[in-house]
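Here's the structure, in structure tokens; my notes come after.
Read the figures in this text as sums done on the coordinates, not as results from a lab. What you see is a predicted model; the values in this text were computed from it and never measured. We place every Cβ from the backbone using ideal geometry, glycine too, and count neighbours over all the protein chains shown.
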Amino acid sequence: MAQEFVETKLRGDRVVIFMKPTCSYCIMAKEVLLKYKFKPGCLECIDISGRSDMSNMQDYFLELTGARTVPRVFIGEECVGGGVDIAELEQSGKLEGMLQSIGALQ
């Protein structure tokens, strides 16, 4: 169930953050992404903290991405990492190009 839920959320033209609202790294990732002007429906922040399958979902993240922690940020169907990774992509100037390459920005 957790795997199916994650897979239904990932699409080539959108950014998805799986997060917990009290996690400082999740907040950082969301704040970085909110600096950009996304097309409607192209940015989704999913709070996994209240889900009964949260642990299974994090196990699937480990299998899929090599890390169990949140946030797990997907640009298109590719996981680019967590909060620090997104901040580093922005600082390097690479993030905007990645977002444009999938057509997520206005």
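With pairing defined as another cysteine C-beta under 4.7 Å, the cysteines of the chain that fail it are Cys42, Cys45, Cys79. Inter-label distance, Asp47 to Gln106: 2.5 nm, where each label sits 7 Å from its Cα along the C-beta direction.
Backbone N atoms of the range 65-89 closer than 18 Å to the 7 Å Cα→Cβ label point of Ser24 belong to residues 69-72, 82-88. Cross-link partners for Lys39 among the aspartates and glutamates, with Cα-Cα distance under 12 Å and sequence neighbours closer than 8 places in the same chain left out: Asp13.
Cβ-Cβ distance of Glu90 and Asn56, R₀ of 30 Å, FRET efficiency by 1/(1 + (r/R0)^6): the value works out to about 0.45.
The mean of 1/r over all pairs of different alpha-carbon atoms in the chain, once inverted, gives a Kirkwood hydrodynamic radius of 13.6 Å.
Over 20 Å apart at the Cα level, from the set Lys9/Lys30; Lys20/Lys94; Lys9/Lys94, are Lys20/Lys94; Lys9/Lys94.
Short-range pairs are left out: with C-alpha atoms under 8 Å and at least six residues apart, the relative contact order of the range 2-101 is 36 percent.
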